[in-house]
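The values are calculated or read from the model by the stated rules, or taken from the named source; none is laboratory data. Nothing here was measured: the structure is a model prediction, and the numbers come from that model. Cβ placement follows ideal geometry from the backbone for every residue including glycine, while neighbour counts extend to all protein chains displayed. Remember, those area values only see protein heavy atoms, side chains included, never the ligands or the DNA or RNA. Shrake-Rupley method; radii C 1.70, N 1.55, O 1.52, S 1.80 Å.
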Amino acid sequence: MRRRWMMLARLALVMIGALTMLPLEATDAWQSLHVAGTFNAWNPAAASGRMTQNGDAWELTQFLHAGLIEYKFCADGSWAVNWGDDKETPTLPQEGIATRNAGNIVLRLEQGGTFLFRFRPHTGEYRLTRIADEAAPPSPPVPAEPPSPPPPAPTPTGKDFREETIYFLITTRFYNGDPTNDFYCRDRLKLGDPHWRGDFKGLIERLDYIKELGFTAIWITPPIENRSGLDYHGYHGYDWTRIDPRLESPGATYKDLIDACHARGIKLIQDVVINHSSNYGIRGQVWIDRLPIKYFRKPGVVFEAPYTGNLGNYKHPFREDNDNPLAPPWFRERQTSDPEGVVPLRDPVTGIVVPDPRCPPGRFFDTDVSKLPAEWYHQHGYMAGGDWENPVALQTKHMAGDCLDLATERPNVRKYLNDAICHWLDLGVDAIRLDTVKHVERSDLLSYVNTWKRHKPGLFVFGENLVKGHGWGDLGGDNGPSCIRPWWYTRLGDDPRNPNSGPDSGFSVLDFSLFSTFRDNLSRGCFNGIEGVLAMDWVYGDATRLVTFLQNHDVGPDNDFKYRFKGDDWMAAVAYNLLWTIRGIPCLYYGEEIAFQKGLPQDICGNDDTLDQTGRAYFGDHLEPARLAQTKAHPLWRHLQRLNAIRRAVPALQKAPMSLVREWGSGMSFVRDWENGRSYAVVGLAAGSDQSITVVGVRNGLYRDAVTGAERRVGDGTLSFPVKAHSAGIWVLNGPGKIGTDGEFLR
């Protein structure tokens with residue numbers, strides 16, 4: 001009997017597999033059919049892919065550029081039901097039978113033009129043909145009279161985060177509005193430069209600076225309450241339900257900051273950590289055993305002011321920095337007594353009476369992770385050696401003593417974190433940046449992301465999955481598997497060698513794959529290798545939603561990726577020309593607009609380094625009234641301001657996929673085509689020398705350069721134009737003409 005059932009089960013599986021390859025039955029009905037492919041960023045609901053019904057067939061007229069085209073048919077604006085053909089046809093017309101869940105249909109076009117897609121869902125028959133009368137008309141003479149005024153730039157809707165540009169800042173290092181909440185951490189101490197120096201009051205006071213620079217969103221480091229010896233940056237969470245009081249002031253709460261941003265049309269992105277907590281546990285949820293730090297003594301160690309006498313919180317009346325109400329009675333008693341840390345206390349673990357220099361430092365600072373509560377934490381030790389490319393180790397071991405790995409798959413952990421984050425969304429937070437993505441398994445991570453998106457529909461969430469290489473995983477050229485690489489988290493498929501095995505996950509990532517090339521190109525003032533990375537955009541769920549950057553608080557593009565950009569200013573300008581015109585959402589790290597801390601390490605790296613010697617130094621001196629004019633006069637400041645204005649006026653630069661990408665080291669060219677010509681831009685970039693650029697296969701019509709204001713009328717599908725060194729040509733079909741005034745780098 002068991003054998004018979006096994007045979008029947010196998011037969012059922014065979015039948016199910018066969019059914020998935022059948023075309024759609026005539027009895028099935030769909031509200032809509034779309035063509036999704038490389039030409040519309042694989043968006044199954046894009047207006048540019050919507051088909052119209054014509055009898056038993058569905059049709060779409062679409063302009064396609066020359067080159068490799070891939071596409072599929074999908075129903076009701078999603079990937080739940082889709083048809084493909086696992087087929088490449090070298091000639092037109094392209095036709096065949098599309099079946100459920102098959103691979104992409106591939107076509108290589110030698111010449112662009114307007115094409116007709118036709119699909120019969122009840123049989124699976126499809127056909128792609130070039131429209132016969134597409135031959136380009138001869139170029140008309142340029143009219144002598146002034147051209148008609150260009151159409152006004154469409155107003156951004158505010159609902160699509162691709163319309164934004166992001167200014168990323170460490171709140172505590174940006175601008176100091178309230179010196180009374182300044183705070184020195186006990187590590188890397190330098191009098192005169194408190195670690196907690198900037199605050200919400202200072203940020204509110206300088207929002208107009210960010211707005212004038214042209215940015216429409218700010219990303220701030222995690223604002224929740226933190227605990228560690230060096231916690232100014234916010235990544236050592238202690239209480240996800242409370243904002244750290246060292247950031248707030250009367251009239252400058254987190255809510256006040258959000259409201260002030262919104263009053264200026266600026267969106268606020270909150271940085272969120274779900275992977276780990278500090279080594280203090282979580283206030284009110286879990287206690288981690290250790291001794292009060294005010295009893296720590298070590299022979300030969302003299303504590304620096306303001307930590308006179310002991311390392312306890314010098315601003316707390318009882319010098320205690322651990323106020324967890326779940327602490328045992330012997331600890332709670334010292335939370336409200338003995339500020340000097342001199343009253344004898346017997347350690348219940350070692351039996352040593354403290355303060356005593358013989359007490360092991362680990363009783364104050366270390367954590368035995370094997371004894372952590374399993375309902376809150378993983379218990380598999382600390383990461384070392386090859387663990388950084390091992391998915392199991394990455395997602396179950398602890399990064400460091402002050403980054404304890406949370407059991408994010410546990411229901412109680414999910415509820416605590418999700419409740420807290422949804423509260424901040426209710427407060428008005430507009431988007432979320434998620435830290436340490438690869439340290440959380442994909443389905444687990446997406447369960448959080450989807451909870452937040454259900455709570456706040458339309459929420460944009462992107463994350464940091466750091467990789468110092470292309471990060472293609474099992475696709476090749478990598479020393480780690482796909483399941484810990486950036487593209488994997490943007491997809492829902494389960495084939496590590498086939499990104500198209502699953503649709504877009506709805507989660508985006510910082511573009512570390514592109515960033516990894518900058519050491520060898522943009523840092524040297526050229527574009528070598530950029531085209532090859534952009535050719536891999538298909539691996540992401542939606543490459544137009546990647547967040548691009550030149551540097552951030554962890555990495556820079558030079559040497560071993562640990563330094564702030566140290567190239568000449570013209571090289572930085574070339575980098576921004578690229579990031580502001582290619583697909584993705586550009587993000588600037590605070591201070592880049594004046595080459596702040598140029599060439600210094602992003603974070604402390606030497607034994608005696610203090611923050612003023614790093615890329616995380618205090619920026620506020622440059623924002624003082626007496627120096628603001630000088631700051632705004634910097635050529636890079638003016639350059640970025642103009643790039644922001646140009647991108648804001650051209651939807652294709654914000655949201656369109658890329659096509660006709662060509663790179664030759666000292667220059668680049670490409671096309672951005674949004675919604676089948678609704679907004680259309682041809683871009684040429686020059687590095688260190690003037691370039692003459694020709695792009696073949698573009699739409700015909702009147703183009704205006706947003707940089708120079710020059711005009712060209714195209715009638716044969718070819719646009720030629722010059723670009724000066726380290727500048728750009730941004731030729732917009734029926735565009736607005738010149739935007740902004742010439743500067744040192746964009747002219």
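All told, Leu116 meets the bar of being touching an Asp or Glu at 6+ places or on another chain (Cβ under 7 Å) and not polar (S, T, N, Q). Flag: Ser228 does not match the condition of being buried (at least 23 other Cβ atoms within 10 Å of the Cβ), in contact with a Leu (Cβ under 7 Å, 6 or more places away or on another chain) and modelled with pLDDT of 95 or more.
Suppose we filter region 171-188 for residues that are open to solvent by 10 Å² or more (accessible area, probe 1.4 Å) and in a helix (DSSP H, G or I); how many remain? Final tally of qualifying residues: 3.
Is one or more of the residues making up region 724-737 among the β-branched types (Val, Ile, Thr) and more than 17 Å from Trp674 (Cα to Cα)?
Quick first cut of region 724-737, residues among the β-branched types (Val, Ile, Thr) only: 730, 732.
Filter again for more than 17 Å from Trp674 (Cα to Cα), leaving none.
No, because not a single residue in region 724-737 is among the β-branched types (Val, Ile, Thr) and more than 17 Å from Trp674 (Cα to Cα).
Only residues that are touching a strand residue (DSSP E or B) at 6+ places or on another chain (Cβ under 7 Å) and aromatic (Phe, Trp, Tyr) were counted in region 568-599, giving 3.
Which of the following residues is open to solvent by 10 Å² or more (accessible area, probe 1.4 Å) and farther than 18 Å from Asp182 by Cβ: Asp323, Asp239, Asp271?
The unique qualifying residue is Asp323.
The residues in region 333-361 that are closer than 13 Å to Pro292 by Cβ and basic (Lys, Arg) can be counted, and the count is 2. Once region 196-217 is narrowed to residues that are acidic (Asp, Glu) and open to solvent by 10 Å² or more (accessible area, probe 1.4 Å), the residue that is nearest to Lys315 (Cα to Cα) is Glu205. Of all residues in region 373-387, those being without any contact (Cβ under 8 Å) to a residue 40 or more places away in the chain and surrounded by 14 or more Cβ atoms within 10 Å (Cβ to Cβ) number 7. Counting the residues of region 447-497 that are assigned to a loop (DSSP other than H, G, I, E, B), basic (Lys, Arg) and over 28 Å from Leu550 (Cα atoms) gives 2.
Against the list (1) part of a loop (DSSP other than H, G, I, E, B); (2) open to solvent by 40 Å² or more (accessible area, probe 1.4 Å); (3) acidic (Asp, Glu), the condition Asp609 fails is (2). The set of residues in region 248-268 that are under 27 Å from Phe460 (Cα atoms) and open to solvent by 10 Å² or more (accessible area, probe 1.4 Å) comprises Glu248, Thr253, Lys255, Asp256, Asp259, Ala260, His262, Ala263, Arg264, Gly265, Lys267. Applying the set (1) more than 21 Å from Ala687 (Cβ to Cβ); (2) touching a Gly at 6+ places or on another chain (Cβ under 6 Å); (3) surrounded by 17 or more Cβ atoms within 10 Å (Cβ to Cβ) to Lys738 leaves exactly one unmet item: (3). Residues that are farther than 26 Å from Ala217 by Cβ, part of a strand (DSSP E or B) and within 27 Å of the chain's Cα centre (by Cα) are absent from region 693-704. For region 142-150, the criterion of being of a type in the set (Asp, Glu), outside the structural domain of Lys72 (by the TED database) and at pLDDT 80 or above is met by none of the residues.
When Asn412 is tested against the conditions (1) modelled with pLDDT of 95 or more; (2) farther than 24 Å from Asn322 by Cβ; (3) not acidic (Asp, Glu), the lone failure is (2).
Only one of the listed residues (Lys724, Lys632) is surrounded by fewer than 24 Cβ atoms within 10 Å (Cβ to Cβ) and free of Cβ contacts under 8 Å to residues at least 60 places away in the same chain. That residue is Lys724.
Listed here are the residues, each with its yes/no results for (1) open to solvent by 10 Å² or more (accessible area, probe 1.4 Å); (2) in a strand (DSSP E or B).
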residue	(1), (2)
Leu643	no, no
Ser659	yes, yes
Gly665	no, no
Met668	no, yes
Arg672	no, yes
Gly677	yes, no
Tyr680	no, yes
Leu685	no, yes
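Under 7 Å between Cβ atoms, which residue pairs at least 6 apart in sequence (or on different chains) link something in region 102-122 that is open to solvent by 20 Å² or more (accessible area, probe 1.4 Å) with a partner that is of a type in the set (A, V, I, L, M, F, W, C) and in a loop (DSSP other than H, G, I, E, B)? Every condition considered, the pairs that remain are Glu110/Ala66; Gln111/Ala66; Thr114/Ile131; Leu116/Ile131; His122/Leu24; His122/Ala26. Of the candidates Arg627, Arg616, the single residue that is in a loop (DSSP other than H, G, I, E, B), of a type in the set (Lys, Arg) and modelled with pLDDT of 95 or more is Arg616. Within region 330-354, residues that are assigned by the TED database to the domain that holds Pro306 reach no partner that is assigned to a helix (DSSP H, G or I) and modelled with pLDDT under 95 with beta carbons closer than 8 Å at six or more positions or on different chains. Just one residue in the set Asp56, Asp86 is touching a Pro at 6+ places or on another chain (Cβ under 9 Å), loosely packed, with under 15 Cβ neighbours inside 10 Å and farther than 29 Å from Ser669 by Cα; that residue is Asp56. Look at region 612-629: where a residue is farther than 16 Å from Thr171 by Cβ and a partner is among the basic types (Lys, Arg) and loosely packed, with under 14 Cβ neighbours inside 10 Å, sitting 6+ places away or on another chain with Cβ atoms under 8 Å, you get Asp621/Arg627. Looking across region 572-598 at every residue that is without any contact (Cβ under 8 Å) to a residue 60 or more places away in the chain and in contact with a Ser or Thr (Cβ under 8 Å, 6 or more places away or on another chain), the one that is farthest from Trp731 (Cα to Cα) is identified as Gln597.
Residues of region 543-595 that are open to solvent by 20 Å² or more (accessible area, probe 1.4 Å) and more than 25 Å from Arg491 (Cα to Cα): Asp554, Asn559, Asp560, Lys562, Tyr563, Lys566, Asp568, Asp569, Trp570, Met571, Ile594, Ala595.
Residues in region 478-497: is at least one closer than 30 Å to Ala687 by Cα, in contact (Cβ under 8 Å) with a residue 40 or more places away in the chain, more than 16 Å from the chain's Cα centre (by Cα) and open to solvent by 50 Å² or more (accessible area, probe 1.4 Å)? Within region 478-497 (the criterion being closer than 30 Å to Ala687 by Cα, in contact (Cβ under 8 Å) with a residue 40 or more places away in the chain, more than 16 Å from the chain's Cα centre (by Cα) and open to solvent by 50 Å² or more (accessible area, probe 1.4 Å)), the answer is no, since none of the residues qualifies.
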